[in-house]
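Just so it is clear, none of the values below were taken in a lab; they were calculated from the coordinates. Being a predicted model, the structure only gives us computed values, none of them experimental. Cβ atoms come from the backbone with ideal geometry, glycine included; neighbour counts cover every protein chain shown.
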Amino acid sequence: MTRRLDRTQALLAGALAVLGVMTVYSAHADWNRQILWVLLGAAAYVAATVYDYRRLSSIAPTLYGAMLLMLVAVHLAGHSALGARRWLSVAGFPLEPSEISKLILVLVLAAYLARHEQISWRVFGGGLALLVPPAYLVLAQPDLGTTMVIAAVTLGMLYLGGARPAQLLAVVAACAVALPLLPRLLHGYQRRRLEIFLDPNQDPLGAGYNLLQARIAVGSGGMFGRGWLQGLQGQLGFVPERATDFVFATFAEEFGLLGSLVLLTAFGVLLIRVLRAASVAPDRFGELLAGGAFVMVFVQVIQNVGMNIGLMPIAGIPLPLISYGGSATITTLAALGLVQSVVVRRRPVVHPESERRGLGTISRRAQA
Amino acid sequence: MGLLAVKLAQLQVADGSRLAALAESNTVHRVILEADRGIIYDRHGVPLVENSPVWTVVIVPAGLPSDAAARAQELVTVSRLAGVAEPKLADALFTADPYSSVDVATGLTQAQELAINERLPELVGVSLVQHAVRTYREPLVFGHVLGYVGPIDTADAKRLRDAGYQPDEMIGKVGVEAGLETLLRGRDGWQDVQVDARGKVIRVLASQEPVPGDAVYLTVDASLQRATASSLAAGLARDGKTAGASVVVDPRTGEVLAMVSLPAYDTNLFTHGISRAAYDSLLHDPDRPLLNRAIAGQYAPGSTFKMVTATAGLQEGKITPQTLLNCPPYINLGGWIYHNWASYSLGRMNVATALATSCDTFFYQVAAMVGDVTLAKYARAYGFGQAKEIEMPGVMAGLVPDRIWKQIQCGVPDLNSDACRWSEGDTITFGIGQSYLLTTPLNQAMYAAALANGGRVLRPTLVHEARDATGRTVLAQKTEVTSTVPASAGTIQAVREGMREEINPPYHMNYWFRASGVPADGGGKTGTAQWGGSGLDLPTHAWFIFFAPYAQPEIALSVFVERGELSEVEAAPIGVDIMKFYRGNIGAIRSGAP
């Protein structure tokens, strides 16, 4: 079995987790805990690799129910910080169900779409319907960022699962219609963040502060960076949420453009390995599972790095494997473990007849 | 991914150096280290002012605990310890820039400072900052000399920015605090410190120590200043007067030994924070306590001016010391009657006796002989009409009138009308120190000094010495003659003779000397000057000028009593009282420098 492992993927995941611990240490967060999260995540990774992912298909409804239960529990018994209720306390450790819900939704959608070779309007609607309850509960925490991630995961999986352009266009059209309503749906601080994203200088010491300080930190890294533990903005606390949402700014200041490109390349290669896993999956469930994991990590990397450098509006999303946080780290590693589980159980030889409708779609579309 | 890389390259390479500089300026702050203002001492080294430490509570709003409950708890603690109402505290903090330092409580008591200092480690985002506040030791005695410091106003702040003045700096406003600002101020130092986002200092990168201001030793003798103030206050109280001034100088050097203006006011009010009401009451007090009459009060000199007329008459050859003139009760000038103070004739007399008896009609005649132009020349030579250059702002010149001045200021469209033309009456009243003549107590003291030293008009000075922080002398008193009276030694001697007669038997003034046990060895002259228009029964001011000893004068003084009615009774005893103290303490006053 070990010979069938995707060693590159495992190596990259490990390397990113180590970089993450280093950056978290530099950002003065509780790095001992982060090591613990990485170790727990590694255990989850190994367990997921060994575990036959195909058995998850049947328990998907149960997982979905458990996820909704956790999300409701957050509203009833959650801890709040910075104006949002996101955490449950489990055996003294903070648990962030919205993070876990990303992976569970990938599993549930994979199981659901795997049962339907053709994505009819009914199936497409069903996929969207699966998104609505968790999306509503997460948005109400409020956590716009994670809501956007799980929405993107859903759409991405529908696309990879073979949804027709008309169907996706319909969603885009619906969003376009809903857009004018957006300011009314958003919380005050969320609306403010959008405005600030459009013009960070309008309030440099208020709401625009985070964005501006992050941008200064990234820029001050220059080509080669100020060196590990040498960042001014990150070390001295000018970068807000320097170990979580803005961890990339902390990283970029200390490791420069070179380090940032290495980090992005590492993510790029990792994501390609995950896509490859989708293309070699023995079944549609595995293919969709790996595809979902790809979308999940991809969206978070793009959004987090994009927001750190001012390309995306601010939304509280961790940088997978780098940001401080137990739920996110363990969830990401477990997801990569499941992808590994798919790789390990791949078909020995790629037969021409496997290029049926459905299978192979993902690799074709991902290359597009 | 490609887009991210492009944007990253743009930020980190294209904008890299600019953003790196921003990061530096974010984290490196320049802290100004206030220089201690120089201490002002009397001529023997008695400190007249101190820099007392005052503590201020400073809060950086962004540095407060982020947890709402902890923050509220902390504000309650600060509010209680610093004695600031909590709503006021919250208001100050949440309207301010969150990354700025907000002064939430100034002027803490020692107990408050200790209590807060003790709790400081747990009060996140709170710090104590020490400032030095100027405290004057005896503001009611030295106030008009020292003046006070106050917050720099916007005009000065703009003008002095290049000199390194901070927008909230204290600057000398009046008195020697203002006149010696450049010596006293010192040079602020600075520290470039690296701070974290909460404003906490991480380390000091570079620093420049502040250079304290120079120590200034005044020429004033503290004990003589106190004695002058109490003599003047007692004299004013005795006659129901409320305002006056006195200046005591050394006629050999021009050093001011004492300078008093009453009423005085508490200058500490200005440095420790004055209420609107207290300031208004000072401003609108009819006795004008904020006016330093010694340098800025301008009054007619009255009969004290007669030595100028005598000098002019003698030097211009119109009279000799032996010339006898009548002293009638009045003279008739083209139908206008000009009275003497006495309603009977005092007989024929020489110039010395005319001075001793202060015969007005004698000097009307001399003034008419000399003429107004020559009289003005001698007045200016004695220093009248010139603002003395002394180490404080606001010195007034007084006024020596002449024909052109009268025409310009008469306020009638036709400058050749009678109202604007100089009349013979103007000339003869000029001769007894009336007409339009004005002078100040400081000018009068320097005038007395010139009469004492044989006709040299000296620049008055308040600074004996200034030393920098290393003890090096940066400024030392030196005697400067600003003008010399164009008169022979014999002329001055004849004038001085009159001043000596006035304080000796058979004249009444001698009584004060006998009563006080002060030898009448010197020269004096009283003056009761009318003011507020022309005519009879006008209100008057009382003057007395004096020097001693007669042969080798070492002290000269002027005494001014606002609304004084009889100078011989109201002003002269004050001068004699000051002389009594001087003679009794001459050893201490004249002992060596610090």
Handout entry: Degrees separating the helix A:247-280 axis from the principal Cα axis of chain A, which is the longest one
Key = 0 degrees
Handout entry: Stokes-Einstein D (µm²/s) once Rh is taken as the Kirkwood radius of chain B over alpha-carbon pairs, at 37 °C in 0.692 mPa s
Key = 119 µm²/s
Exercise for the section: Take the Cβ-Cβ distance between residue B:551 and residue B:135 as r, set R0 to 45 Å, and report the resulting FRET efficiency rounded to the nearest 0.05. Expected result: 0.55
Practice task
Express the relative contact order of chain A as a whole percentage, based on alpha carbon pairs under 8 Å and six or more residues apart in sequence.
Solution key: 29 percent
Fill in the blank from the handout: Given backbone amide H placed at 1.01 Å from N, residues whose amide H is under 5 Å from that of residue B:243, ignoring those fewer than 5 places away on the same chain, are B:562
Fill in the blank from the handout: Counting only residues 5 or more apart in sequence or on a different chain, those whose built amide H sits under 5 Å from that of residue B:482 are B:457, B:458, B:459
Completion exercise
Isolated cysteines for the protein assembly as shown, Cβ-Cβ cutoff 4.7 Å, are A:175
Practice task
Give the angle, between 0 and 90 degrees and rounded to the nearest 10, that separates the Cα long axis of helix B:222-238 from the longest principal axis of the Cα atoms of chain B.
Solution key: 60 degrees
Handout entry: Proximal aspartates and glutamates relative to residue B:7, as straight alpha-carbon distance under 14 Å, when same-chain residues fewer than 8 apart are discounted
Key = B:15
Problem - Summed residue charge, Cβ within 14 Å of residue A:9's Cβ, Lys/Arg positive, Asp/Glu negative - result: +4
Exercise for the section: Please list the non-local residues whose amide H lies under 5 Å from the amide H of residue B:463, H modeled 1.01 Å from N, same-chain partners needing a gap of 5 or more. Expected result: B:219
Problem - Estimated vicinal HN-Hα couplings, Hz - segment B:274-286 in sequence order (Karplus 6.51, -1.76, 1.60; Gly, Pro = x) - result: 10, 7, 4, 5, 5, 5, 4, 5, 5, 5, 9, 4, x
Fill in the blank from the handout: Between the Cα axis of helix A:56-77 and the main Cα principal axis of chain A, the angle (0 to 90°, nearest 10) is 30 degrees
Practice task
Round to the nearest 0.05 the FRET efficiency obtained for residue B:514 and residue B:478 when R0 = 35 Å and r is the Cβ-Cβ distance.
Solution key: 0.35
Problem - Nearest-20 debye value, segment A:2-367 charge dipole, Cβ charges on Lys, Arg, Asp, Glu - result: 980 debye
Problem - For peptides B:566-576, A:90-100, sequence by mean Cβ density within 10 Å, most packed first - result: B:566-576, A:90-100
Fill in the blank from the handout: The FRET efficiency for residue B:1 and residue B:158, from their Cβ-Cβ distance with R0 = 60 Å and rounded to 0.05, is 0.65
Handout entry: Within straight-line cross-link reach of residue B:525, lysines at Cα separation under 29 Å, skipping those fewer than 8 residues along the same chain
Key = B:241, B:306, B:318, B:377, B:388, B:406, B:478, B:580
Completion exercise
Sparse-neighbourhood loop hits (trypsin sites (Lys or Arg not before Pro), segment B:347-447; DSSP loop; Cβ within 10 Å at most 14 others) -> B:421
Practice task
Using only atoms on other chains, find how many Cβ atoms lie within 10 Å of each Cβ of peptide A:303-312 and report the average.
Solution key: 3
Completion exercise
Residues of segment B:403-418 with backbone N under 19 Å of the label point set 7 Å from the Cα of residue B:373 along Cα→Cβ are B:403-408, B:416
Practice task
Partner chain Cβ atoms within 10 Å, averaged over the residues of A:231-240 - can you pull that number for me?
Solution key: 5
Fill in the blank from the handout: Under the Karplus relation with 6.51, -1.76 and 1.60 and θ = phi - 60°, whole-Hz ³J(HN,Hα) for segment B:516-528, x at Gly and Pro, equal 8, x, 9, x, 7, 9, x, x, x, 8, 9, x, 10
Problem - 3J(HN,Hα) from dihedral phi, segment A:221-237, Karplus parametrisation 6.51/-1.76/1.60, rounded to Hz, x for glycine, proline - result: x, x, 6, 10, x, 7, x, 4, 6, 9, x, 7, 4, x, 4, 8, x
Exercise for the section: Using a 10 Å cut-off on Cβ to Cβ distances, tally the other chain neighbours for every residue of B:18-30 and report the average as a whole number. Expected result: 6
Problem - Relative frequency of Cα-Cα separations exceeding 30 Å in segment A:2-367, percent - result: 37 percent
Fill in the blank from the handout: A correct fewest-to-most ranking of B:590, A:345, B:43 by other Cβ atoms within 10 Å would be B:590, A:345, B:43
Practice task
Sum -39500 (n - 2.57) across every DSSP H segment of at least 4 residues in chain B, then divide by the residue count to get the 222 nm mean residue ellipticity, nearest 500.
Solution key: -10500 deg cm²/dmol
